[in-house]
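All remarks here apply to the structure that follows.
What follows is calculated from the coordinates using simple rules that are stated; it is not laboratory data. Because the structure is a prediction, the values reported are computed rather than measured. Virtual Cβ from ideal backbone geometry, glycine too; neighbours counted across all protein chains shown.
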Amino acid sequence: MADSRRGVALTTLAILFAILALTDILKPLHLEGPTTGLVFFGKRLSGTPDAILGPLLGIVLLIYAAGIWRMRRYAMYLGHAYAIYVTLNLALFSVRNPTPASQSEMIFGIVYLILALALSWGTAILLSRRKIDLR
């Protein structure tokens, strides 16, 4: 069960970040479709850059998930760095890409934006609030 110091919220977030890490590691295989690829600083990657950066970011996210799971202090710093990256990535993506063509794409984009920001910043803030419990 969840480490009593970690709690249910951080346990759930660690699992979600591990799943996210696996999806990034598998991005170069295009399991989600032929036009998928890691979005890095607002640009969707393909080819060699996607094959290198997708798994690399996935490994960083696995380290982050392990840090949350094990309640390590480095997870707090990694969490803030990742939240800044997510914020920049989303902002640059919206600047570099056209407005979604359909209403459903726009709704998906808004929901994705809210969840990405809430989960990345929420985790970083939660880890900061639990700083005394981190080893």
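Take each peptide in 30-39, 64-73, 99-108, count the other Cβ atoms within 10 Å of every residue, and average; sorted highest first, the result is 64-73, 30-39, 99-108. Computed from Cα positions, the angle between helix 47-69 and the longest principal axis of the chain comes to roughly 20 degrees.
Near Phe40, the amide H atoms lying under 5 Å from its own belong to Leu45; only residues 5 or more places off or on other chains count, and H is placed 1.01 Å from N. Angle between the Cα long axis of helix 73-96 and the longest principal axis of the chain, 0 to 90 degrees, nearest 10? That works out to roughly 20 degrees.
Full extension of the chain between Ala9 and Leu92 gives 26.9 nm of extra length, using 0.36 nm per residue less the Cα-Cα distance. Rounded to the nearest 10 degrees, the angle from helix 7-25 to the longest Cα principal axis of the chain is 40 degrees.
Each of Gln103, Leu22, Leu61 was placed along the dipole of the chain (beta-carbon charges, centred on the mean Cα), and the one lying farthest toward the positive end is Leu61.
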